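S.K.: I am attaching a structure below and will ask some questions about it afterwards.
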Amino acid sequence: MEVINHYQEQYQELSSQDADSTKLYRQQAWERFSTLRFPTLKVEDWKYTSTAALQKLLFTLTTNKTSAIDWQQVSRRLALPQAQHIIVLVDGQLKQDYSTINQLPSAITLQHWADMNESEKEALQKELAQLHHTDGLSALNGALLNQGICIHVAKDCVLAEPILLVHVTTQPMAANYAAQHIMLGDNADVTIVEQYISLTDDSYLNSVVHKYCLGNNASLNYVKLQQEGNQGFHLSYTDIEQSQDSHFHGSYFALSGQWGRNNIATRLMGKHAHATMNGMYHITHKSLQDFHTLIHHQVAECSSSELFKGVLDGAGRAVFNGRIVVDQDAQHTESQQANHNLILSDQAEVDTKPQLEIFADDVKCAHGTTIGQINEEQWFYLCSRGIDKELAKKMLIEGFVIDVAGQINNTDLKHTIENLLRESLNV
């Protein structure tokens, strides 16, 4: 099969450059990919998301030599252009000239793949090994991994200002296979905004695996902005480990791109941990966005909430599969999940599947989903008050999605994301 041979050549090239300590992890991932290959519609977790388009595109690995970029063009699109702490990766390479990381406190260490020695790369690959065995595409990330970043926040470190982590793609028909490891020590508190931007109109792939570890009473506020190019492919696997009293607040916004898939799993492993997982996807034309989420309550007295909303237009497609698992020992769990979708076109389609798997008997859990169109009565009411028909429609769309951003803890960041959503939705 041409596509398999294509990626095997890339794997062999990277493997020949590895030290013995890191070569084993790459080899194991390749063997896993060789067995599983690309997921098909016969695989339950991929039942509604085809990978056929990915198999037709023979992406090359991004090169270390990135072309010059127009920084003014990029800076105008930054979610937080005035942020004190900005980390810029262009085609996976850390760009010090565009980054402003000198003011980060010494309690926060930043390390890029290119600067790691072999033992550090081995430690990162070991940490990600389980993620790389999730399915065929995660295994391909492990086999072709050649970039990544680690952010470690020491215990008791509280950073008031958010960190903006920007990924800029410039190379057409290229793939970024990256890893990201964020670790918060006990009592640490940090906000990270991750933004994906493209400067190419051609197809490309961002494939990323994320591992986040939260210590006791640590708090991670995380916002992800997918603003990929119209022909861009985005594939992400995220695993979060939460210790006692930790708080994870994740907000995911898929605003553009040809094809996107996010696999997000958080495990509440210590008492009184709390997870909030919210998201919004805006889909137009023939694009697709897929969110598969898992909130796993493993111990007693933890709580979680999840809210995802979608706006679909044109021939866009969305997939939402939200799974909450409550183990037998996870008594006194409280968990809420909701997925709501607004359909603006007769050709748009959404497949939604909320799941509750409860093995404890003293819990408070609920889930629900809706799929509908603009409420005609509300629309008529606004028009009857003299509001233009199109403006009234925009007001209803804004009212539908804006509360997802409204749950972001940081006030300035919340207003920024609200304005970004209005711009994306043209409301």
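S.K.: Which one of these is part of a helix (DSSP H, G or I), among the hydrophobic types (A, V, I, L, M, F, W, C) and surrounded by fewer than 19 Cβ atoms within 10 Å (Cβ to Cβ): Ala143, Ala139, Ala160, Ala123?
M.R.: Ala123
S.K.: Let me ask something additional. So, in region 62-96, of the ones that are at pLDDT 90 or above, of a type in the set (D, E, K, R) and surrounded by fewer than 17 Cβ atoms within 10 Å (Cβ to Cβ), which residue ends up nearest to His181 (Cα to Cα)?
M.R.: Here the residue is Lys95.
S.K.: Go through the residues of region 267-280 one by one and say whether even a single one is within 26 Å of Leu140 (Cα to Cα) and in a strand (DSSP E or B).
M.R.: yes
S.K.: If the Cβ limit is 7 Å and pairs must be 6+ apart or interchain, which residue in region 174-185 that is within 25 Å of Ala107 (Cβ to Cβ) pairs with which residue that is among the acidic types (Asp, Glu)?
M.R.: His181/Glu127
S.K.: Let me confirm something: among Leu396, Leu391, Leu382, which residue is in contact with a strand residue (DSSP E or B) (Cβ under 9 Å, 6 or more places away or on another chain), free of Cβ contacts under 8 Å to residues at least 60 places away in the same chain and more than 25 Å from Gly322 (Cα to Cα)?
M.R.: After ruling out the rest, the residue left standing is Leu396.
The values are calculated or read from the model by the stated rules, or taken from the named source; none is laboratory data. Since the structure is predicted, the reported quantities are computational estimates derived from the model, not experimental observations. Virtual Cβ from ideal backbone geometry, glycine too; neighbours counted across all protein chains shown.
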